[in-house]
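Working notes, structure below.
The values are calculated or read from the model by the stated rules, or taken from the named source; none is laboratory data. Computed from a prediction, not measured in an experiment: that's the story for all the values here. Using ideal geometry, Cβ is built from the backbone for each residue, glycine included, and neighbour counts are taken over all protein chains shown. To get the accessible areas, we keep the full protein, side chains included, count just its heavy atoms, and leave off ligands, DNA and RNA. Shrake-Rupley method; radii C 1.70, N 1.55, O 1.52, S 1.80 Å.
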Amino acid sequence: MKSVKAVALLAFHSIVIWFSVAFTFQLMSWGFPGVHINFGQALAFLVVSCVIISIPSSPGFWGIYEFGGMTALMLMGVVANNPEGQAQAVTFTMVVHFLQWLPITIYGLWAAGKLSVSATDAEAVKAK
């Protein structure tokens, strides 16, 4: 972190990633009836979800991520705070979460296989 150029590139890269993820949320909302978010709301959805998943939870943040997404959509007024609105919010969040989780998990399993990393090896590293 001694190089200003490296710090600037790291910051730029981080911003591009966050904006790209937010755009995917906005893009996904176009396919969900009753859940239409603009880019600012997509960024807010991302921030709230990231803050919520900082709470210790299950692997993959299943459950807590959906709670964060539902909360974000209700707080922004994207969906109503009633059973129908909550169902829309949870469904949207589950689909978005699954579509983010699946490719990374598949790649991780492929990479572990390619590197010949077994579950026992992973547990041994975890225990250290």
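Scan the range 54-75 for residues that are within 18 Å of ALA22 (Cβ to Cβ) and either modelled with pLDDT under 90 or touching a Cys at 6+ places or on another chain (Cβ under 6 Å) (or both) and report the count.
Here the count works out to 1.
Give the residues of the range 53-76 that are at positive phi and either buried (at least 18 other Cβ atoms within 10 Å of the Cβ) or without any contact (Cβ under 8 Å) to a residue 40 or more places away in the chain (or both), sorted by residue number. Lay out the reasoning, then the answer.
Taking the range 53-76 first, the residues at positive phi are 60-61, 63.
Selection gives PHE61, GLY63.
Among the residues of the range 29-52, write down those that are open to solvent by less than 40 Å² (accessible area, probe 1.4 Å) and of a type outside the set (A, V, I, L, M, F, W, C). Write out each step before concluding.
Step one: list which residues in the range 29-52 are open to solvent by less than 40 Å² (accessible area, probe 1.4 Å), which gives 29, 32, 34-35, 37, 42, 44-46, 49, 52.
Result: SER29, GLY34, SER49.
Just the residues that are open to solvent by less than 20 Å² (accessible area, probe 1.4 Å) and either closer than 16 Å to LEU27 by Cα or free of Cβ contacts under 8 Å to residues at least 40 places away in the same chain (or both), please, taken from the range 77-94. First the steps, then the outcome.
The initial filter retains those residues of the range 77-94 that are open to solvent by less than 20 Å² (accessible area, probe 1.4 Å), namely 79, 85, 89, 92-93.
Listed by number, the residues that qualify are ALA89, PHE92, THR93.
Considering only the range 8-26, I want to know if a residue exists there that is open to solvent by less than 90 Å² (accessible area, probe 1.4 Å), assigned to a loop (DSSP other than H, G, I, E, B) and either touching a Leu at 6+ places or on another chain (Cβ under 8 Å) or not small (Gly, Ala, Ser) (or both).
Taking every residue of the range 8-26 in turn, none turns out to be open to solvent by less than 90 Å² (accessible area, probe 1.4 Å), assigned to a loop (DSSP other than H, G, I, E, B) and either touching a Leu at 6+ places or on another chain (Cβ under 8 Å) or not small (Gly, Ala, Ser) (or both).
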